[in-house]
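Have a look at the structure below, then the notes.
The values are calculated or read from the model by the stated rules, or taken from the named source; none is laboratory data. Since this is a predicted model, take the numbers as computed values, not measurements. Reconstructed Cβ throughout: ideal geometry from the backbone, glycine too, with neighbour counts over all protein chains shown. With ligands, DNA and RNA removed, areas are computed over all heavy atoms of the protein, side chains included. Shrake-Rupley method; radii C 1.70, N 1.55, O 1.52, S 1.80 Å.
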Amino acid sequence: MENFELYIGTKIFFGQGQIDKLSENIAFYGKNVLFVYGGGSIKKLGLYDKVLKQLEGLNVFELRGVEANPKITSVYQGVKLCREHNVDVILAVGGGSVIDCSKVIAAAVYYEGDAWDMVRTRSPIKKALPLCTVSTLAATGSEMDAGAVVVNSQTNEKISVFSHEIVPKVSIIDPSYTFTVSAEQTAAGCADIMSHLLEQYFVPKSTFMADLLVESVMKTVIHYADTAIKEPNNYEARAQIMWASEMADNSILSNGNQMAVFGVHGMEHQLSGRFNTTHGVGLAILTPRWMKYVLSETTVGRFAHYGTAVWGIDENLDRYEIAKKAIEATAGFFKGLDIPQTLTEIGVNPEQFEEMAKKAEEYGTAHAWVPLYAKDIAEIYRMSL
Ligand code: NZQ
Ligand code: ZN
């Protein structure tokens, strides 16, 4: 078992009606609040009014219209508002994009240069404004983790930053807010959760307990995804998927493992950064092709372990047979979500594959479980057409 550091700095209020806890928790951090949200889903949901009620008596400044796959230009606007109004605390209400944008704003307020330089150079984040969140979509786990991803449309780059400083202080996670999430976004969210689990399962060295923990959350997603998509108001399914999304990315499950860079995420960010692909859709397309590509004498044992533990495949079969069945089962899970299954379907053509592959490698895919270099990545993109 490897040494590890664990910082879970988020106070979680999970369940229906927990919005009532927002007022006192925000006020704890100060009077001036930057309220960040997306393109309007929170208004349709009636959540916007509930949040304003909780913020009564505080000075509220709004940053609205944060895009899915959030842009650095929204970060610039947020930083400006924070500086102009001496903001004490940021409140992000929405999905991963709104929360990620808010995290980068929180850090960039204290960064002397251009916020994009902070992201691009992965400048260590030493200080950030406190951030509270109200989550409305089960997918990224951003409401309880240290990561944030933003896009620069000028340079076609999507880059992630990590720091304990940007972990939200407080997150209200009410699964009933996800009742209005469309079938496609729900499915993409489930694909993202599954991908986070797979990316921390296929690592250089895992441990007994971590394997069991990750497998249990995978089984939870496999069990509830279909119900959450087909019965959008099914609270239990929404709640299980939402808590799975937090567990899948807050690092608790895989403590003690020898970790690696999330390689499929590295390849996917080239899609959502350039073509505005929905993150989970990109992952659902790439993951089974990546599995096929990296299956080898070195990796077959791990795939076979996954096949028997997660998909219940007969352990007496040949290792390669189990591994191939496991990859088929994974592809079947993504197909069952009823989201696009090829890059062609989402309008991505091969012209930019070589350049995308080079960029993905630059951001660390050579340090994935099976190292992925530009030539490997370009081939996986081609397999995904
Ligand atoms: O903008 P609004 O109107 O709010 O609509 C959003 C958006 O169009 C809508 N939505 C959100 N909650 C809703 C809702 N619609 C109806 N009812 C609700 N309750 O859903 C659309 C997608 O929202 P978005 O926030 O983009 O989705 P998600 O939560 O999947 O976030 C994706 C972003 O997070 C990044 C992804 O790369 C992508 O940029 N990631 C962040 C991570 C992290 N911070 O740890 C890790 C992930 O691997 C991922 O990279
Ligand atoms: Zn993800």
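The number of residues in the stretch 160-191 that are within 14 Å of ligand 2 (Cβ to nearest atom), open to solvent by less than 10 Å² (accessible area, probe 1.4 Å) and over 15 Å from THR136 (Cα atoms) comes to 1.
Please verify whether the stretch 370-378 includes one or more residues that are in a helix (DSSP H, G or I) and of a type in the set (Gly, Ala, Ser). Even if it seems obvious, please write down each step before you answer.
Applying the first criterion (in a helix (DSSP H, G or I)) to the stretch 370-378 yields 374-378.
Narrowing further to those that are of a type in the set (Gly, Ala, Ser): 374, 378.
Among the residues of the stretch 370-378, at least one is in a helix (DSSP H, G or I) and of a type in the set (Gly, Ala, Ser), which makes the answer yes.
From the set of residues in the stretch 272-282 that are within 12 Å of ligand 2 (Cβ to nearest atom) and part of a helix (DSSP H, G or I), which is nearest to MET209 (Cα to Cα)? Filtering the stretch 272-282 for residues that are within 12 Å of ligand 2 (Cβ to nearest atom) and part of a helix (DSSP H, G or I), the one nearest to MET209 (Cα to Cα) comes out as GLY280. Selection of helices (runs of 4 or more DSSP H) fully inside the stretch 44-137 by the criterion of at least 1 residues being within 16 Å of ligand 2 (Cβ to nearest atom) and in contact with a Pro (Cβ under 6 Å, 6 or more places away or on another chain) returns 96-108. Scanning the stretch 316-351 for residues that are assigned to a loop (DSSP other than H, G, I, E, B) and over 21 Å from the mean Cα position of the chain (by Cα) yields ASN316, LEU317, ASP318, THR344, GLU345, GLY347, VAL348, ASN349.
Restricted to the stretch 283-315, and to residues there that are without any contact (Cβ under 8 Å) to a residue 24 or more places away in the chain and assigned to a helix (DSSP H, G or I), the residue that is most open to solvent (accessible area, probe 1.4 Å) is TRP311. Just one of the listed residues (ILE229, ILE241) is in a helix (DSSP H, G or I), within 14 Å of ligand 1 (Cβ to nearest atom), over 17 Å from THR330 (Cβ atoms) and touching a Phe, Trp or Tyr at 6+ places or on another chain (Cβ under 7 Å), and it is ILE241.
For the stretch 242-249, check the following and say yes or no: at least one residue is within 19 Å of ALA368 (Cα to Cα), free of Cβ contacts under 8 Å to residues at least 60 places away in the same chain and not aromatic (Phe, Trp, Tyr). No, there is no match, as no residue in the stretch 242-249 is within 19 Å of ALA368 (Cα to Cα), free of Cβ contacts under 8 Å to residues at least 60 places away in the same chain and not aromatic (Phe, Trp, Tyr).
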